[in-house]
Amino acid sequence: MEKDLPIIPTHVAGLDEALGGGIPQGSIVLVAGTPGTMKSSLIYNIMYHNAQEGRRGLYITLEQTTESLRHAMERMGYGAIDEGRLYVLDLGVLRASLKKAESTKDWIGIIVDIVKEAVAANGYEILALDSMEALYAIANFEVPRRELFQLYASIRELGLTTFLIAETPIGSSKITQYGEDFLADGILHLRHVEVGETDVQLRLRTVKMRMMNHVHNSMALTFGDGSFGVTHVLARKK
Ligand SMILES: Nc1ncnc2c1ncn2[C@@H]1O[C@H](COP(=O)(O)OP(=O)(O)OP(=O)(O)O)[C@@H](O)[C@H]1O
Ligand SMILES: [Mg+2]
């Protein structure tokens, strides 16, 4: 790791070491996984702890309401946090903004503008968009690859460390729907793996993290006592 490369810590025990230090500030990281693989919780965890350290975050949830996400996170042990540090914005707020731009329905433009205004007003450093599939559903892309390219370019201009959450269909060999894997600086892939007859283990794999000499193997991701951790998975003896 270069000494002058600012890093965002994940606050997942063992993961920063596996990433070669953490996540380079300003990266666009795709967090892809099958349903229920704790994508939202993992990113909330990163943003919650960073917010406590003074790095403000904006979490845009297009899947759940602000209330349901906050409630789920409180149940997992993430106590109430000042909105100025970690702001959770849901579709309801975005729809209100859409009314102003009813004629264009340019969702990507609207979201980017909201983020820009929020960053200018509140100095957010970390952004999450949960999820890309929900965005596709409301944005009605005509040419998804081209529009996604523009989305990444607009996000990159903002200069924030960004987590884009993507849903991988169960059984799919592709991580993302439109091949945006190539546009992201980093990819964290989450999946459930059957171990033996009855056990299911949650695995996290850093598929890529530009600029970092990271571990490529799948690691077991665990959550307990209010915190996440990763551990190496021992290879089975033949
Ligand atoms: N207190 C807890 N301890 C351990 N695991 C929990 C706890 N609370 C919830 N979970 C697990 O977290 C999962 C949901 O996490 P989360 O909503 O972050 O996943 P997700 O990948 O974002 O899901 P979705 O595909 O619905 O968006 C639950 O299915 C459950 O297995
Ligand atoms: Mg989720």
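The values are calculated or read from the model by the stated rules, or taken from the named source; none is laboratory data. What you are looking at is a predicted structure, and each value in this text was computed from that prediction instead of being measured. Here the Cβ is made from the backbone with ideal geometry for all residues, glycine too, and neighbour counts use every protein chain on show.
Checking each residue in the range 149-174 for being within 14 Å of ligand 1 (Cβ to nearest atom) and not hydroxyl-bearing (Ser, Thr, Tyr) picks out 163, 164, 165, 166, 167, 169, 170. In the set (1) acidic (Asp, Glu); (2) without any contact (Cβ under 8 Å) to a residue 60 or more places away in the chain; (3) crowded, with 21+ Cβ neighbours inside 10 Å, residue 197 fails one condition alone, (3).
Can you name the residue in the range 60-93 that is within 25 Å of residue 108 (Cβ to Cβ), of a type in the set (Ser, Thr, Tyr) and within 12 Å of ligand 1 (Cβ to nearest atom) and is also surrounded by the fewest Cβ atoms within 10 Å (Cβ to Cβ) among such residues? Result: 68.
Could you please let me know if residue 57 is away from ligand 2 (no atom under 13 Å from the Cβ) and over 19 Å from the mean Cα position of the chain (by Cα)? Talk me through it step by step, then tell me what you get.
Details: away from ligand 2 (no atom under 13 Å from the Cβ): yes; over 19 Å from the mean Cα position of the chain (by Cα): no.
Considered against the rule, which asks whether it is away from ligand 2 (no atom under 13 Å from the Cβ) and over 19 Å from the mean Cα position of the chain (by Cα), residue 57 comes out as no.
Sub-8 Å Cβ pairs linking a first residue in the range 30-45 that is modelled with pLDDT of 95 or more and of a type outside the set (Ser, Thr, Tyr) to a second residue that is near ligand 2 (Cβ under 9 Å from one of its atoms) and part of a loop (DSSP other than H, G, I, E, B), at least 6 apart or interchain, are 39/131, ordered by first then second residue. Only a single criterion out of (1) within 16 Å of ligand 1 (Cβ to nearest atom); (2) of a type in the set (S, T, N, Q); (3) over 24 Å from residue 175 (Cβ atoms) is not satisfied by residue 37, namely (3). Residues that are of a type outside the set (A, V, I, L, M), outside any strand (DSSP E or B) and at pLDDT 95 or above do not occur anywhere in the range 161-175. As a summary of the residue check, residue 117 satisfies the conditions (1) free of Cβ contacts under 8 Å to residues at least 60 places away in the same chain; (2) within 16 Å of ligand 1 (Cβ to nearest atom); (3) surrounded by fewer than 16 Cβ atoms within 10 Å (Cβ to Cβ) except for the one numbered (2). Looking at residue 55, is it part of a loop (DSSP other than H, G, I, E, B) and charged (D, E, K, R)? Here the answer is yes, as residue 55 does meet what is asked. One residue stands out among those in the range 3-21 that are touching a Pro at 6+ places or on another chain (Cβ under 9 Å) and within 23 Å of residue 157 (Cβ to Cβ): the one that is modelled with the lowest pLDDT, which is 5.
Kindly evaluate residue 72 against the criterion of being touching a residue at least 40 places away in the same chain (Cβ under 8 Å), of a type in the set (A, V, I, L, M, F, W, C) and within 16 Å of ligand 2 (Cβ to nearest atom). Judged against the criteria, residue 72 is not a match.
Within the range 181-210, track down each residue that is within 14 Å of the chain's Cα centre (by Cα) and modelled with pLDDT under 95. Passing the criteria: only 181.
When the range 92-114 is examined, which residues are found to be farther than 15 Å from residue 139 by Cβ and at pLDDT 75 or above? Before the answer, list the steps.
At the first step, the residues of the range 92-114 found to be farther than 15 Å from residue 139 by Cβ are 92-93, 96, 99-100, 103.
Once the filter is applied, which keeps residues that are farther than 15 Å from residue 139 by Cβ and at pLDDT 75 or above, the range 92-114 yields 92, 93, 96.
For the structure I just gave you, tell me whether residue 119 is touching a strand residue (DSSP E or B) at 6+ places or on another chain (Cβ under 7 Å) and either over 26 Å from residue 176 (Cβ atoms) or in a helix (DSSP H, G or I) (or both). Walk me through how you get there before you give the answer.
Details: touching a strand residue (DSSP E or B) at 6+ places or on another chain (Cβ under 7 Å): no; either over 26 Å from residue 176 (Cβ atoms) or in a helix (DSSP H, G or I) (or both): yes.
It is false that residue 119 is touching a strand residue (DSSP E or B) at 6+ places or on another chain (Cβ under 7 Å) and either over 26 Å from residue 176 (Cβ atoms) or in a helix (DSSP H, G or I) (or both).
Taken as a whole, the condition of being buried (at least 17 other Cβ atoms within 10 Å of the Cβ) and either under 15 Å from the mean Cα position of the chain (by Cα) or assigned to a loop (DSSP other than H, G, I, E, B) (or both) applies to residue 124. Residue count for the range 12-48 under the criterion of being more than 16 Å from ligand 2 (Cβ to nearest atom) and crowded, with 20+ Cβ neighbours inside 10 Å: the result is 9.
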